[in-house]
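Trainee: Have a look at the structure that comes next, please.
The values are calculated or read from the model by the stated rules, or taken from the named source; none is laboratory data. What you see is a predicted model; the values in this text were computed from it and never measured. We place every Cβ from the backbone using ideal geometry, glycine too, and count neighbours over all the protein chains shown.
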Amino acid sequence: MPRKPLFAVDFSPYTEKLLGCAGELAQYGLNEIALLYVLESKKHADYGDHKNPAFEAEKKEAEEHLDNLAKELEQGGIKVRKLLRWGNPAEEIIEAAREEDADLIFLGARGKGFISRAFLGSVSERVVKLADRSVMIQHCRETRDDGGYSCENACSSIFGNILVACDFSKYADSVQPILVDLARTLCTPITLLHVVEGKSDMGYEPLDKFKKEQVKEEMHRLEELSYELSGFCKSVKLDIVNGSPPSAILSYAEEMDASLVILGAFGSRGITPDLLGSVTERVMRKSDRPVMILKSRR
């Protein structure tokens with residue numbers, strides 16, 4: 001469970017939805033967060049040694065926004081460290097997380113204005129690829145009303161019903177302690193899923209008898225992980241299905257109404273620190289529910 005997450009905000013209407021997640025995290029013992037806003041104009045990098053009226057005005061406005069957000073969180077008993085930086089947003093988010101020793105970077109998939117569900121904002125995507133620690137992408141479900149588009153269910157029992165996609169790569173093994181720590185803290189229902197590569201028009205399908213014989217080792221490893229987690233969780237289920245991994249994971253998450261999808265690594269090559277596996281990236285982009293990408297700290 002994150003002890004000190006970094007929330008990167010952009011002051012869009014979605015920011016308020018995103019910060020609602022902090023209240024839910026507080027129920028699990030969280031009492032401190034770092035709240036970051038990045039002034040993203042490239043010109044700001046040149047303003048360190050002299051005053052610029054436009055920059056100073058933007059900086060003052062950002063400070064006021066941060067103060068207001070911090071007050072709301074502090075009223076809920078959460079200690080807030082306010083951070084204001086300028087430069088390349090993704091790079092500043094990653095660097096701030098290192099300096100603050102944050103154990104989770106919390107991002108919204110949508111920033112200024114809504115974007116297609118099939119694509120993450122460029123900043124969020126770059127942070128996920130380059131960060132050296134776990135990242136939570138908090139998607140929202142878009143609804144349209146008289147005022148245009150809005151978000152709903154941005155934070156609604158994030159940890160109520162978790163789906164963990166496992167691929168048993170060396171990288172996935174390295175983040176297993178993080179998963180165990182989450183289970184220990186949350187004590188919540190978890191489903192462990194392994195997808196055997198194959199074709200399925202339905203997203204995924206149960207394994208036939210022949211394929212079950214082929215994946216005995218994977219089933220054994222799922223059972224071992226299930227046993228380790230069951231000491232902390234109310235319910236641990238496991239399943240192995242056949243299909244295209246990204247489609248199978250997304251379909252399975254929808255069918256079980258997962259509140260959160262957790263990925264360590266997925267794909268035969270796993271994930272290097274600066275390059276996501278294709279399956280993880282596709283799930284992250286297309287999911288309409290929160291996705292947490294676990295990364296082992298270097």
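Trainee: Would you mention how many residues in region 71-85 are at pLDDT below 90 and hydrophobic (A, V, I, L, M, F, W, C)?
Mentor: So the count comes out to 2.
Trainee: Would you pick out the residues in region 273-298 that are modelled with pLDDT of 85 or more and within 14 Å of S174 (Cβ to Cβ)?
Mentor: I293, L294
Trainee: A follow-up question, please. I240 versus (1) within 16 Å of L263 (Cβ to Cβ); (2) more than 23 Å from the chain's Cα centre (by Cα): which is the lone unmet condition?
Mentor: That leaves (1) as the condition not met.
Trainee: Looking at this structure, is L18 under 17 Å from the mean Cα position of the chain (by Cα), closer than 19 Å to S122 by Cβ and modelled with pLDDT under 80? Even if it seems obvious, please write down each step before you answer.
Mentor: Values: under 17 Å from the mean Cα position of the chain (by Cα): yes; closer than 19 Å to S122 by Cβ: yes; modelled with pLDDT under 80: yes.
Yes, satisfied.
Trainee: Out of E223, E254, I need the residue that is at pLDDT 85 or above, under 22 Å from the mean Cα position of the chain (by Cα) and surrounded by fewer than 20 Cβ atoms within 10 Å (Cβ to Cβ). Which one? Show your work before the answer.
Mentor: Numbers: E223 fails: under 22 Å from the mean Cα position of the chain (by Cα).
So the residue among E223, E254 that is at pLDDT 85 or above, under 22 Å from the mean Cα position of the chain (by Cα) and surrounded by fewer than 20 Cβ atoms within 10 Å (Cβ to Cβ) is E254.
Trainee: Select from region 154-168 the residues that are surrounded by fewer than 19 Cβ atoms within 10 Å (Cβ to Cβ) and at pLDDT 80 or above and list them in ascending order.
Mentor: Scanning region 154-168 gives G160, N161.
Trainee: Exactly one of (1) out of contact with any strand residue (DSSP E or B) (no Cβ under 8 Å at 6 or more places or on another chain); (2) in the same structural domain as S251 (by TED's automatic domain parsing); (3) at pLDDT 70 or above is unmet by L179. Its number?
Mentor: Here L179 clears every test but (1).
Trainee: On to the next question. State whether the residues of region 186-202 include one that is touching a strand residue (DSSP E or B) at 6+ places or on another chain (Cβ under 7 Å), touching a residue at least 24 places away in the same chain (Cβ under 8 Å), of a type in the set (G, A, S) and surrounded by fewer than 20 Cβ atoms within 10 Å (Cβ to Cβ).
Mentor: Yes, because at least one residue in region 186-202 is touching a strand residue (DSSP E or B) at 6+ places or on another chain (Cβ under 7 Å), touching a residue at least 24 places away in the same chain (Cβ under 8 Å), of a type in the set (G, A, S) and surrounded by fewer than 20 Cβ atoms within 10 Å (Cβ to Cβ).
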